[in-house]
Amino acid sequence: FGPAPGPVRAEVLHPWPGWAQGLEGRAVSRNNGSIVLRLSLGEVGFLLAGDIEEETEHRLVREGLLSETEVLKIPHHASNSSSSEALVEALDPLVAVAGVGEGNRFGFPHASVRARYLRRGTQLLWTGRHGSVQICTDGWELQVLALRERGPGQELARFPARETGERRASAPPA
């Protein structure tokens with residue numbers, strides 16, 4: 001990796017003051033009140049989507065707050081109440097990581113969620129299968145490693161600058 005192209009930018013996309021006004025029932029759940037954070041360095045973006053569910057995903061898409069990102073922390077452990085088609089289409093991530101235990105009682109990541117990401121060609125990782133994952137960037141390139149207790153991590157993917165840069169160059173202006 002080369003020198004960083006500038007400072008890391010961070011933006012809290014959700015929750016905003018009064019986010020629950022006008023919502024009822026399940027839409028006001030604690031999950032839907034979790035933080036959604038966008039981080040970026042140079043040409044590489046990360047979206048940490050907390051435990052939000054479909055209702056909040058749709059609001060973020062409607063408000064125009066989501067755009068293509070290279071790395072996604074999948075919302076709500078990849079349950080079937082998250083990762084709506086609208087969210088996956090808006091973000092179109094290169095890599096998506098779900099924090100789920102192997103053989104968990106909920107069956108996460110849900111089969112429908114896996115299918116949505118895989119149809120788009122997203123590299124899908126989950127901690128129950130791949131272990132701890134480290135994602136490194138210099139702002140142009142992206143490297144994904146599966147960490148081990150001892151020794152160097154195993155490289156799972158590498159995206160050269162041309163892949164991350166082409167995605168940004170072809171994106172419509174925000």
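The values are calculated or read from the model by the stated rules, or taken from the named source; none is laboratory data. These numbers were taken from a predicted model, which means no experiment stands behind them. Heads up: the accessible areas ignore ligands, DNA and RNA and are worked out on the full protein's heavy atoms, side chains in. Shrake-Rupley method; radii C 1.70, N 1.55, O 1.52, S 1.80 Å.
The apolar share of the surface of region 27-69, taken as the fraction of accessible area on carbon and sulfur atoms (1.4 Å probe, ligands and nucleic acids excluded), comes to 52 percent. Karplus-based coupling profile of region 6-14, in residue order and whole Hz: x, x, 6, 9, 10, 9, 7, 8, 7, with θ = phi - 60° in 6.51 cos²θ - 1.76 cosθ + 1.60 and x standing for Gly or Pro. The slack in the chain from Q143 to W16, taken as 0.36 nm per residue of separation less the alpha-carbon distance, amounts to 42.5 nm.
Annotation: amide H-H contacts under 5 Å for A157 (H modelled 1.01 Å from N, sequence separation of 5 or more, or interchain): V144.
Rounded to the nearest whole Hz, the Karplus-based 3J(HN,Hα) values (6.51 cos²θ - 1.76 cosθ + 1.60, θ = phi - 60°) of region 46-63 follow the sequence 10, 10, 9, 9, x, 10, 4, 10, 3, 4, 6, 4, 4, 5, 5, 5, 4, 6, with x at glycine and proline. The heavy atoms of E89 offer some 120 square angstrom of accessible surface to a 1.4 angstrom probe.
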